[in-house]
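This report concerns only the one structure given below.
The values are calculated or read from the model by the stated rules, or taken from the named source; none is laboratory data. None of these values were measured; they are calculated from a predicted model. Glycine also receives a Cβ, built like all others from the backbone with ideal geometry; neighbour counts cover every protein chain displayed.
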Amino acid sequence: MANFQRDILSLLIREICQQSADGRLKELMAEWGLNEQDINVFSNLEQIHIERLSKSRIQPFRVVANEESISFIKQMVGESKLIERCIALGAPNDFLYHFFGISKREACARRIATGVDAKRMKRVVSIKLEDRIIEKYHLVSELTTKDIGAKDYCEICDLLIKEGIDANLKVVWTVIEEYRSGADLKQCLQEI
């Protein structure tokens, strides 16, 4: 842990020196509670002084974890894993854009990086498969209080795969979206 803090301190001091050299004194003063004299002192430090200062017991800065930032990082990691899971399950470009804002180009690059060949994914749906997808959709949508999301679509796909049904997110998403738009149309016609 001491090495980590030492490395962080060294980076911090270098960043202060670099920012002061770039003429961003006011930003530094506001961010770190430093005055102009403090920044001038840091600016005149040489690499050997930075190393010696970072190894000493006296630390000019205290590095503390920011809970909000850590929570955000965890959320980003979770979303990244969900995106990888969606791609592995054959999510189409419009699905990835709808839920994650991923462009077609980025989706293609991610598929290549993970070795997923979307062109070989099954796209034709039998009536029996369609019924199973709708059944799983109702099962999952009853468990959620809001509209189903990308994770829910993955769960539907996983449920189908566990039953030995060859399914992917392209098929699952297309069938559910068609079903939902048909249900919305029926509801609108009933209201008229």
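Looking at V41, V64, which one is over 18 Å from the mean Cα position of the chain (by Cα) and at pLDDT 70 or above?
Working: V64 fails: at pLDDT 70 or above.
Checking each option against the conditions leaves just V41.
Of the residues making up the range 78-114, just one is out of contact with any helix residue (DSSP H, G or I) (no Cβ under 9 Å at 6 or more places or on another chain) and in a loop (DSSP other than H, G, I, E, B), namely G101. Spot the failing condition for R123; the list is (1) within 22 Å of G78 (Cβ to Cβ); (2) at pLDDT below 90, and only one is missed. Checking R123 against (1) within 22 Å of G78 (Cβ to Cβ); (2) at pLDDT below 90, the one that fails is (1). Applying the criterion of being out of contact with any Leu (no Cβ under 9 Å at 6 or more places or on another chain) and of a type in the set (D, E, K, R) to the residues of the range 127-154, the residue that is surrounded by the most Cβ atoms within 10 Å (Cβ to Cβ) is E130. You will find that of K74, K26, the residue that is exposed (fewer than 11 other Cβ atoms within 10 Å of the Cβ) and either modelled with pLDDT under 70 or not in a helix (DSSP H, G or I) (or both) is K26 and no other.
Residues that are at pLDDT 85 or above, touching a Leu at 6+ places or on another chain (Cβ under 7 Å) and not hydrophobic (A, V, I, L, M, F, W, C) are absent from the range 172-182 altogether.
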